[in-house]
Structure formats: C-alpha cells, structure tokens
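One structure is given below, encoded as structure tokens.
The values are calculated or read from the model by the stated rules, or taken from the named source; none is laboratory data. Because the structure is predicted, anything quoted here is derived from the model rather than measured. Virtual Cβ from ideal backbone geometry, glycine too; neighbours counted across all protein chains shown. Surface accessibility is based on the protein's heavy atoms, side chains included, excluding ligands, DNA and RNA. Shrake-Rupley method; radii C 1.70, N 1.55, O 1.52, S 1.80 Å.
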Amino acid sequence: MSRKDKILNGNALYTFIAIIIGFVAGAVLLAVAGINPGLAYGKLLNGVFGQVKYITWSIVYAAPLILTGLSVAFSFRTGVFNIGAEGQFVVGSIAACTVGILFDLPAPIHILLCIAAAVAAGAVWGIIVGFLKVKRGINEVLSYIMFNWIAFYLSNYIVNLSAIRRTGGGEASKDVADSARILAPEFITKLTRCTAANWGIVIAVAAAVLVWFVISKTTLGYQLRAVGFSKTAAEYGGINTNKMFLTAMAISGALAGLGGAVQTLGMAGRVSQFASQEQYGFQGITVALIGSSNPVGCIFAGLFYGAMKYGGGKLSLVKAPAEVVDIIMGIIIFFIAIAHMFKVIFNRKKGGK
C-alpha cells in the first residue's frame, strides 16, 4: 500500500478534516451572532498559547480527560461501549478524597493509597455492570447510565457525612491532606505561575503507554481485541469471552477512576456536592473518538480538548458565549462519526471501489 493510500485509508486525515469543519461552523455561528470570528478565535488561541501559565493550565485540564478518554478507548477496542466512565470517574474522585481526608500517612504512601482506592472503586463500578451483563443479560449501556446516577448521589451522600464535610459552611468536602496532593514542586509552580500544576499529565501519559503495551504487545491484549472483533470467533478459538468482558470492564473502570483521583488530588483538592454531572466521563467519549480509540491518540486528543476547555473561557472577553466550544466539539464528533463518507468520496475520486 502506498503512502497516499495509507493516509486515505487511515483516520488522521478525516479527524483533521472534522476539526477544520468544526471551526468553520463555529466561525459561521459567531458571525451570525454578530461577533468577529477572527477576533474570537484570536482570543481562544491567545488564551491557550499566550503565556506559559495558560499552556500549563491547559495541560492540567487535559490530564483527567486523557484518562477518561483512555477508559472509553480501551472499552471500544475490546467491543464494549463504556458510557459509564462518568460514574467511574465520580466514585474514583470520592474514594481518593475520602482516603486523602481520613488517613494520615507520609506523602508517597498516602498518594499511592489514594490512587489505589480510586482505581479499585472505578474497577468495581465497572465489574458490577459487567456481572449484570454476563450473569443476567442486562444491557450494559442501560446499567452504565443508571450507575452514573447512583455514583452521583453516592458522592453527594459521602460529601455530607460529618467526617468528610467541610467545616465552616460550603457544600463540599474537606481539603485532602497535603501529603495526598500530587502538586508539582514549588519551582515549577513559580516558573509557570500555575497554582494547580501537578503530576497528573505524567500519570496520564504513563497510563496511555501502559494501555498501548497491554493492547498491542500482550496475550491479554490479543484476547481482548479478539473478543472485540468477534465474540463468536473468539469463543471458537478457545477464549473465555465472559472473563475477557469482565476484565475489559474492570480495566476501563480503573482508568476512569484514576482520572477522578488525578482531578481531586491534583487540581481540585476536594470534592464538591454536585448539582449536575461532572461531564468528564462523557467528554472522555469525545477524546476517544478524536483519538481514534488509540491510546497514544488519546494523549493528543486530550491535550486538544483540555486547551479548548481552558481557552474557551477567554471568549467572554469578546462577549462570545463559551458554549461555542461545545458546539465546535459536537460538530467535530459528528463528522468523525461519518468519516466513512469522506473515505468513500476520496476513493471514488481516485477510481477505487
């Protein structure tokens, strides 16, 4: 296959086209609203790249998105649609927060215990849904949606417990102990002028590399991908598909739970009582789609989405609604979803079938 054919049959070109279309559509909407698109996009770009501080904040925003994106991407690669990453993220957040508040341990041990609690909580949340699917035949999509809401209200319940609730008012938990925080060293904070600079991006990239290795280079990854391609063929080949399904659910949930830990121990430092869904899990679906369900692609997709989230807040300076970013991302996802249409058009132009 020639280099041109590889490009036309790959996903990168069509993702790039979808992004361009998204920004063009956003420009049209801004123009209709009477706002100069060039000025608005200039503020958006300046809000991301204008200062080292802005770049750092974009990376901070990106870290949990990369992890929820990995969660969804992993499940996609193994034939499971994990719409429950939102709930897994939430239980991971509250588990890390609870351990961070109730335990008094040295910094490295405390951090590891918080992360372990978050990973375990996310994995269990995924396994429960997997068990319902395997043993009772209950559709995992419906279960995931219900468990998202269970996680939502469970988090609010725990936040309001006397041992966890913030003293002196405020609908939030206490701050986690300093020994549980994953904040970057003081010299990095001073250099970047970002008070929330933390090791989350390092954890996210390490997780992406590990997921890539497991999927691409291990027997477990081969079995999981085989089940994703065809459950019947995998069973014929001697693979225990139910076991692989539960394993995929657990790993996917663990990654989303890790995202919750990174958000809590890194940027937030506490968990607030929710008035609505956090959206990190649902945004992870966007990251996974932009990254073509590739672990390495999720790193770049998460950085892109994190930059859009942070930079989008600067649109208010030109009186442009921050929701324009959501519209742009929605259009990008729409065109990624119909990327097959672009492949057909390009193949017809070059005389293909």
- Listed residues 212, 57 arranged by accessible area, highest first, probe 1.4 Å: 212, 57
- Points 7 angstrom from Cα along the Cβ direction at residue 232 and residue 195: gap in nanometres? 6.0
- In what sequence, largest accessible area first, do 192, 167 appear using a 1.4 Å probe? 167, 192
- Task: Using a cut-off of 14 Å between beta-carbons, work out the net charge of the residues near residue 26 (Lys and Arg +1, Asp and Glu -1, residue 26 not included).
- Result: -1
- Message: Could you compute how much accessible surface residue 56 exposes when probed at 1.4 Å, giving the result in Å² to the nearest 10?
- Response: 20
- Message: For residue 102, what accessible surface area do you get with a 1.4 Å probe? Give it in Å², rounded to 10.
- Response: 100
- Task: Taking amide H positions as placed in the peptide plane 1.01 Å from N, state which residues far from residue 172 in sequence (5 or more) or on other chains have amide H under 5 Å from it.
- Result: 166, 273
- Task: Between beta-carbons, use under 15 Å as the cut-off and find the net charge around residue 35, counting Lys and Arg +1, Asp and Glu -1.
- Result: +2
- Task: Provide the packing ranking of 240-250, 318-328, i.e. peptides ordered by the mean count of other C-beta atoms within 10 Å per residue, highest first.
- Result: 240-250, 318-328
- Note on the structure: Any helix of the chain counts here only if DSSP assigns it H throughout, its Cα atoms span 27 Å or more along the axis, and its mean Kyte-Doolittle hydropathy is at least -0.5, and such helices are 12-32, 52-77, 107-136, 140-159, 241-262
- Where does each of 43-50, 307-314, 181-188 land if you order them by average Cβ count within 10 Å, highest first? 307-314, 43-50, 181-188
- Among 81, 103, what's the order by accessible area (1.4 angstrom probe), most exposed first? 103, 81
- Query: Going highest first, how would you order 256-269, 149-162, 84-97, 278-291 by mean Cβ packing within 10 Å?
  - Reply: 84-97, 256-269, 278-291, 149-162
- Farthest positive-ward along the chain dipole, Cα basis, beta-carbon charges - from 276, 305, 22: 22
- Task: Please report, to one decimal in angstroms, the Kirkwood hydrodynamic radius of the chain built from all distinct Cα-Cα pairs.
- Result: 21.3
- Mind checking the per residue accessible area of the chain for me, 1.4 Å probe, whole number of Å²? 48
- Message: Given the whole protein assembly as supplied and a 1.4 Å probe, what does the accessible area of residue 80 come to in Å², nearest 10?
- Response: 10
- Item | Sulfur and carbon atoms: percent of accessible area, region 279-340 [1.4 Å] | 69
